[in-house]
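Chemist: Before anything else, here's the structure in question.
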Amino acid sequence: FKQLDIKQSSYLLPTDIDPLESIIEYIHRSNKETCSRTIKWKVSNQENNFNEEKILQKILNILPKNFKLRIDPNGGWSREKAQEWSNELKKEPRLEWIEQPLPSKDIEGLFLLANQVPIALDEALVEFPYLRTIWKSWQIRRPALDGDPRILLKEIDNEDSQIVISTAFETGIGRRWINYLAARQVKGKNPCAPGLAPGWCPKGPLFDNNPKLVWESA
């Protein structure tokens, strides 16, 4: 597989500015360039003062029909808040999923929510690996944290696989493996935009795609 085009990755919104401004800019850019039509929005961020419920409505008002929205609370919601968002989004066709809405240990709550809206697991899969075999919706998988990559490779190739590859901000060597697995998934039976966080990767030789430079810097 050729190295995955970074433009095929979902677009991760910045967390330090109004997400609505970022989305508007990205939509305009996508009309001029070949960009992913998938946007990821990290919410429940204690460092910002944005009213996320109001912003959600504004986002839905401007988001084109051919775009997908991923919402990631990073396990920061209570069941009550997760239910409020679920009620708001359960008939929204542009919602691709809500990622890890509840703490990892609230497995019962996660299964209950998955009966209402698309839910993707992330941190829970690392803390409780057995969920990888029984969770039937999307799984956010980080090869650097997953263990034996050969197992993940077989899972990706399954016809009913609902795995999406995501970065853990690996070194350049790890990034090559991430790109390979993501390209393999995109060319599979159930393609999905990977979460490669373009523009978020640290700079420097340790994160270069040239393995020789990585080894020398390490």
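Chemist: Find all pairs meeting these conditions: Cβ atoms under 6 angstrom apart; at least six residues apart or on different chains; first residue within segment 104-121 and closer than 15 Å to ILE71 by Cα and β-branched (Val, Ile, Thr); second residue open to solvent by less than 30 Å² (accessible area, probe 1.4 Å) and in a helix (DSSP H, G or I).
Modeler: VAL117/SER86; VAL117/LEU89; ILE119/LEU113
Chemist: Can you tell me which residue is modelled with the lowest pLDDT among those in segment 92-127 that are of a type in the set (Val, Ile, Thr) and more than 19 Å from LEU56 (Cα to Cα)?
Modeler: Once the filter is applied, the top-ranked residue is VAL126.
Chemist: Have a look at ILE107, ILE151, ILE134, ILE98 and point out the one that is crowded, with 22+ Cβ neighbours inside 10 Å and hydrophobic (A, V, I, L, M, F, W, C).
Modeler: Answer to the check: ILE98.
Chemist: From GLN83, GLN57, which residue is open to solvent by 60 Å² or more (accessible area, probe 1.4 Å), part of a helix (DSSP H, G or I) and touching a residue at least 24 places away in the same chain (Cβ under 8 Å)?
Modeler: GLN83
Chemist: LEU196 - would you say it is open to solvent by 30 Å² or more (accessible area, probe 1.4 Å) and within 16 Å of the chain's Cα centre (by Cα)?
Modeler: Against the criterion (open to solvent by 30 Å² or more (accessible area, probe 1.4 Å) and within 16 Å of the chain's Cα centre (by Cα)), LEU196 does not qualify.
Chemist: Test SER166 against the criterion of being in contact with a Pro (Cβ under 7 Å, 6 or more places away or on another chain), without any contact (Cβ under 8 Å) to a residue 60 or more places away in the chain, of a type in the set (Ser, Thr, Tyr) and more than 23 Å from LEU60 (Cβ to Cβ), and give yes or no.
Modeler: Considered against the rule, which asks whether it is in contact with a Pro (Cβ under 7 Å, 6 or more places away or on another chain), without any contact (Cβ under 8 Å) to a residue 60 or more places away in the chain, of a type in the set (Ser, Thr, Tyr) and more than 23 Å from LEU60 (Cβ to Cβ), SER166 comes out as yes.
Chemist: Hey, any hits in segment 60-73 for a residue that's closer than 30 Å to THR34 by Cα, part of a helix (DSSP H, G or I), among the basic types (Lys, Arg) and touching a residue at least 12 places away in the same chain (Cβ under 8 Å)?
Modeler: No, because not a single residue in segment 60-73 is closer than 30 Å to THR34 by Cα, part of a helix (DSSP H, G or I), among the basic types (Lys, Arg) and touching a residue at least 12 places away in the same chain (Cβ under 8 Å).
The values are calculated or read from the model by the stated rules, or taken from the named source; none is laboratory data. Here the structure is a predicted model, which means the values were calculated and not measured. Here Cβ is always computed from backbone atoms with ideal geometry, including for glycine, and neighbour counts include all displayed protein chains. Note: accessible area is taken over every heavy atom of the protein model, side chains too, but ligands, DNA and RNA are not part of it. Shrake-Rupley method; radii C 1.70, N 1.55, O 1.52, S 1.80 Å.
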